[in-house]
Amino acid sequence: MKVISERELAEAIRGAGGPLRVRGGGTRDIGRPVAGEVLEVGISGIELYEPEALTLVVRAGTALAEIEAVLAGEGQRLAFEPMDHRVLLGTDGVPTIGGAVAANVSGPRRIQAGAARDFALGARFVDGAGRIVKNGGRVMKNVTGYDLVKLMAGSWGTLGVLSEVSLKVQAMPQTEATLVARGKDAAAGIAALAAALGSPWDITGAAHLDPGLAGEMSETRLRIEGLAGSVDYRLGALGREIGAGWEVLRDEASAALWRQVRDVAPFAAAPVVWRVSVKPSDGPGISRALGDAGLDHAALYDWGGGLIWIAPDAAQDDGGAAAIRARVAAHGGHATLVKAPGDLRARVEVFQPQSGALAAISKGLKQRFDPRDILNPGLMG
């Protein structure tokens, strides 16, 4: 069933006789397969946009492309640089703002600007009992009790279905440039990213791609954005700190590099892809350990090495789950199976298994907001 208003959404959930598979734009088929009636959320439209206040209130089913076009008309953008999952997953549909917030989708700029949840000022949603809930507002402020806006970001539609979100937006920079070095191994590449991120030059993108992902040689990339004069000055200063051998790409050539990283485009043809979060300096060692354990793979490092996209050998029966989880757990990180056939996602833990205390909190939240367990049941494990 498709709903096009918040009232219809509340009635549909309240009257549901069984599980509901919540669907927005249909671009993020991630998580364990959900058996249930499809609830398609088509609540769209921009409610309020105040460019001078850097605030936007928009219905959850509004296409990201529409939002980005409106913002660009005022020289503004979504700072959290949301990924277009269609590139990696091969899905159809249209990415929506509700899906981006529900999955806390955050791109390369997260290292400098923050995640999607950091720009969510308020939200309206319908919980599993069919109740309309409102939290937050159009300005940043302290909250008491649950910070429901932050809670909904990353809940994947398991606690409630977003109908509206309020967001803080950002001015678009005048220009951007990317420094690119080729041929560094992962350890040297991540060390260069760490040195740049530790500098005062306000890096907004820091990634390393294994050989074969962007050409025969590896690529280490650093992005700087801002006013033209400032970008040129910072490029020169950063180049003196990290040494020679870096090529400079500007404007659209630079932007194309970061769309590739943002959308994990090098793994578009890979059948299985993991998203791993670890301490940046641990990434190269984890990759080596996986290779030593016999798991052939390619890796794309984003967020200065703190986010690793791993495409393992497809011959692994479990998609590399046992090897990846063991090595990641040893370093206190977590791993999510983002891309895999449905039968594999049904057999292995897709999201990072939670500890006893955290699992108890999650269970309590699920009981509080979805007491009938009808919203995407089982999707997150």
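Among the residues of the range 118-128, are any within 27 Å of VAL273 (Cα to Cα) and outside any loop (DSSP other than H, G, I, E, B)?
yes
Which residues, taken from the range 340-365, are closer than 18 Å to ARG275 by Cβ and among the hydrophobic types (A, V, I, L, M, F, W, C)?
ALA340, LEU344, VAL348, VAL350, PHE351
Give the residues of the range 293-322 that are of a type in the set (A, V, I, L, M), touching a strand residue (DSSP E or B) at 6+ places or on another chain (Cβ under 7 Å) and over 19 Å from VAL350 (Cα atoms), sorted by residue number.
ALA298, LEU300
Any residue in the range 119-134 that's surrounded by fewer than 17 Cβ atoms within 10 Å (Cβ to Cβ): show its pairings with residues that are not in a helix (DSSP H, G or I) at Cβ separation under 7 Å, as long as the two are six or more apart or on different chains.
ALA129/PRO371; ILE132/ARG124; ILE132/VAL126; LYS134/ARG124
For a quick check of your reading of the model, give me the residue pairs whose first member lies in the range 186-202 and is free of Cβ contacts under 8 Å to residues at least 60 places away in the same chain, whose second is in a loop (DSSP other than H, G, I, E, B) and surrounded by 15 or more Cβ atoms within 10 Å (Cβ to Cβ), with beta-carbon atoms closer than 8 Å and at least 6 apart or on different chains.
Sorted first by the residue in the range 186-202, then by its partner, the pairs are ALA192/LYS184.
Where residues in the range 97-112 are within 8 Å of the chain's Cα centre (by Cα) and among the polar types (S, T, N, Q), which of them is surrounded by the most Cβ atoms within 10 Å (Cβ to Cβ)?
Just the residues of the range 97-112 that are within 8 Å of the chain's Cα centre (by Cα), to begin with: 100, 103-107.
If we keep only those that are among the polar types (S, T, N, Q) as well, we get 104, 106.
Details: ASN104: 20, SER106: 27.
Looking at the filtered set, the residue picked out is SER106.
Readers should treat all values here as calculations from the given coordinates under stated rules, not as data from a laboratory. Owing to the predicted nature of the structure, the values given are computational and were not obtained by experimental measurement. Please note: Cβ atoms are built from the backbone with ideal geometry, for glycine as well, and neighbour counts cover all protein chains shown.
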